[in-house]
Structures are given as C-alpha cells and as structure tokens.
Amino acid sequence: MPLDPNPRTSRAQFLAWLAIAPFAWAASALLQRLRSRDRPEPVMIPPDVPLGLSVSGDIVLNRSADGSLRAFSARCTHLGCKLERVIDGVVVCPCHGSRFFADGRVAAGPAVRALTEWRVRPNAQSGGWIVDAG
Ligand code: FES
C-alpha cells in the first residue's frame, strides 16, 4: 500500500491497521496451532527397550539385535483399536483379531494395510531414541 502524503489519510490508515492487528494476530496464532497439531509429537524412548516386538503406550517397537529400532503406530489399521499385545512374535488386535508382523505388514486380517511407521532418531543425551509419532 503506497504511503499517502496526506496526514489525515495516513492517520486513518494507521487506525485501520490498528483495528485489524488483533484479528491478524489471532488468525496467525490459530494457524500456528493447527499446524502444530499436524506435526509429529516426539516421544522419548529409553535405551532399555527389549529385543523384538513390544508395545509401549501408543507405539509398537521393534528392536533388532543390531541395536536398531523401528516404531509403528499402535492403532490397528482396520478400525483403529489400540494394539496392546504381542503373541507369538506378532502384534494382535484385541477387537477383530488382525495380526501384524514385526515390520508392520499385515499377517492376518481383517486389516489390509500395514501399520503406520514412524521416524526414529537416536537420542544422544539418553542413549535411547526419539520417535516422531504423529
Ligand atoms: S480394529 Fe483391529 S482388527 Fe478390527
């Protein structure tokens, strides 16, 4: 917006901007909040995760003998029930019995989609990991 040399118009423009500023600030804060909801929530995983498959809160963990860790959502891809148990090396859904392999693939339906895998990064401070669960 070009500056108007007329002081009266400039004052009116300033007041108009002043009136709009709270709404612009509120809209910006709302957008930022909505964006942060989409951002993955980092979860700290301690270094003492047992080998193989385990479920910790909302995360299915698969720790390999080489020390690497994979993390998956503990929500069943059939209808979203919480996965809580590992039986005979597969994760079992308590609702309708879907089973998932350690790499997240479906071992038995009714689910047809693999578990959602989340990014895992080492946590240099704790010696564990950080999972970007989202
Ligand atoms: S919700 Fe898991 S099998 Fe249906």
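Computed values, structure above
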read-out: Residues of region 99-115 satisfying the condition of being under 17 Å from Ser54 (Cα atoms) and surrounded by 14 or more Cβ atoms within 10 Å (Cβ to Cβ); value: Arg99, Phe100, Phe101, Ala102, Gly104, Val106, Ala107, Ala114, Leu115
read-out: Matching strands (runs of 3 or more DSSP E) fully within region 85-125 where at least 1 residues are away from the ligand (no atom under 12 Å from the Cβ) and touching a residue at least 24 places away in the same chain (Cβ under 8 Å); value: 85-87, 90-92, 117-122
read-out: Tally, over region 45-84, of residues that are away from the ligand (no atom under 16 Å from the Cβ), within 18 Å of the chain's Cα centre (by Cα) and closer than 24 Å to Gly109 by Cα; value: 7
read-out: Flag if Val60 is assigned to a loop (DSSP other than H, G, I, E, B), out of contact with any helix residue (DSSP H, G or I) (no Cβ under 9 Å at 6 or more places or on another chain) and modelled with pLDDT of 65 or more; value: no
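The values are calculated or read from the model by the stated rules, or taken from the named source; none is laboratory data. Nothing here was measured: the structure is a model prediction, and the numbers come from that model. Here Cβ is always computed from backbone atoms with ideal geometry, including for glycine, and neighbour counts include all displayed protein chains.
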